[in-house]
Amino acid sequence: MKVIKSIKEMQTYSESLRLLGKKIAFVPTMGYFHEGHLALMKEAKKIADCVVVSIYVNPTQFGPKEDLTKYPRDFDRDLKMAESVNADVIFFPPDIEMYPENYQTYVNVEKVTQNLCGISRPGHFRGVTTICLKLFNIVKPHFAIFGKKDFQQYTVIKQMVTDLNLDLQIIGQATVREADGLAMSSRNVYLKENERQSALTLVGGIKLAQKLYDAGERKAAAIAGEVEKLIKSFDYTNIDYIKICDTTNLDNVDEIKSQTVIALAVIVGSTRLIDNHVFGEELKA
Ligand code: PAF
């Protein structure tokens, strides 16, 4: 496996693959891999000749009070894990390459960034779209694979790719869960042992929502209300949002009619967790 740290070298390497007619699949990450990341890499491996994985903890997507400095990092462990699934290239740029002095350009997707995490994390998606566009220009992939646990991020990136006519395909991969159902996230390491049951209320909430939907309930407020009651009944939980939205524009809906997602953000102890479920889709938990 090749490790590339320079932007120029990454661009030259990708260009040489493209000239040979090879397909490149890209998995953007902030490192500290778990099975969810490996699932993205395995999917990438199936569809392309070369799998490029970036590891970059992007400062512009963290708010001033967020966990940028304490975000978990372990490059050597990440390398071994990526190697175990035969990733081909790790792109690991330093901050000075990604945001040199006098950096001043940002990308803003206007509507689908407004609801959900866009409310409690102002500026977050501006950082995500900016870094993803930069990475797409550096890695030059044919495909980029994103986990659907970050459903809004996946939606925002698809919107950017459409709006800016980017010549690549965005692929969404189902959420990978721990044995007890908790959606995998690098941030799960922050959870204290006594917070685990409370963290499981996110998946418990989406299961309850699906059960109510299966029983014929279509009123968003009724479903969200029951999920709220469940989550509030556990210690250490502080709900940021429980919302039921259209999957394309992420607007809140009153009544579930077409493709609709329930999205949750809950702070458990001091760890902010998110999860979601599209009604009617299989929930492997
Ligand atoms: O999902 C993530 O890990 C990050 O938001 C991403 C897409 C790598 C951009 O920094």
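The values are calculated or read from the model by the stated rules, or taken from the named source; none is laboratory data. Values in this document were obtained by computation on a predicted structure and should not be read as measured data. Neighbour counts run over all protein chains shown; Cβ positions are idealised from the backbone, glycine included.
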Select from the range 253-285 the residues that are of a type outside the set (D, E, K, R), over 18 Å from Gln173 (Cα atoms) and loosely packed, with under 14 Cβ neighbours inside 10 Å and list them in ascending order.
Ser258, Ser270
Scan the range 214-262 for residues that are part of a loop (DSSP other than H, G, I, E, B), among the β-branched types (Val, Ile, Thr) and closer than 14 Å to Gln152 by Cα and report the count.
2
Do we have Gly205 as more than 14 Å from the ligand (Cβ to nearest atom) and not in a helix (DSSP H, G or I) here?
no
Kindly provide the set of residues from the range 182-220 that are over 16 Å from Tyr241 (Cα atoms) and of a type in the set (Val, Ile, Thr), ordered by number.
Val189
Hits in the range 111-146 - residues which are assigned to a loop (DSSP other than H, G, I, E, B) and crowded, with 21+ Cβ neighbours inside 10 Å
Val112, Thr113, Leu116, Pro141
Extreme residue, nearest to the ligand (Cβ to nearest atom), among residues of the range 118-142 that are in contact with a strand residue (DSSP E or B) (Cβ under 9 Å, 6 or more places away or on another chain) and β-branched (Val, Ile, Thr):
Ile131
Considering only the range 23-64, how many residues are closer than 17 Å to Asn86 by Cα, away from the ligand (no atom under 11 Å from the Cβ), part of a loop (DSSP other than H, G, I, E, B) and in contact with a His (Cβ under 9 Å, 6 or more places away or on another chain)?
2
Between a residue in the range 18-45 that is polar (S, T, N, Q) and any residue that is not in a helix (DSSP H, G or I), which pairs come within a Cβ distance under 7 Å, given they are 6 or more apart or on different chains?
Thr29/Val53; Thr29/Ser54; Thr29/Ile55
Within the range 155-187, residues being assigned to a helix (DSSP H, G or I), within 14 Å of the ligand (Cβ to nearest atom) and either under 14 Å from the mean Cα position of the chain (by Cα) or without any contact (Cβ under 8 Å) to a residue 40 or more places away in the chain (or both) number 7
Restricting attention to the range 212-269, report how many residues are touching a helix residue (DSSP H, G or I) at 6+ places or on another chain (Cβ under 7 Å), under 17 Å from Lys149 (Cβ atoms) and among the β-branched types (Val, Ile, Thr).
5
I'd like to verify a number: residues in the range 147-171 that are of a type outside the set (A, V, I, L, M) and either modelled with pLDDT under 95 or crowded, with 16+ Cβ neighbours inside 10 Å (or both), how many?
11
For Ala82, state whether it is among the aliphatic types (A, V, I, L, M), in a loop (DSSP other than H, G, I, E, B), within 20 Å of Tyr13 (Cα to Cα) and touching a residue at least 12 places away in the same chain (Cβ under 8 Å).
no
Between a residue in the range 62-78 that is in contact (Cβ under 8 Å) with a residue 60 or more places away in the chain and any residue that is among the basic types (Lys, Arg), which pairs come within a Cβ distance under 7 Å, given they are 6 or more apart or on different chains?
Gly63/Arg121
Taking the range 1-22 on its own, how many of its residues are part of a helix (DSSP H, G or I) and either more than 25 Å from the chain's Cα centre (by Cα) or among the polar types (S, T, N, Q) (or both)?
11
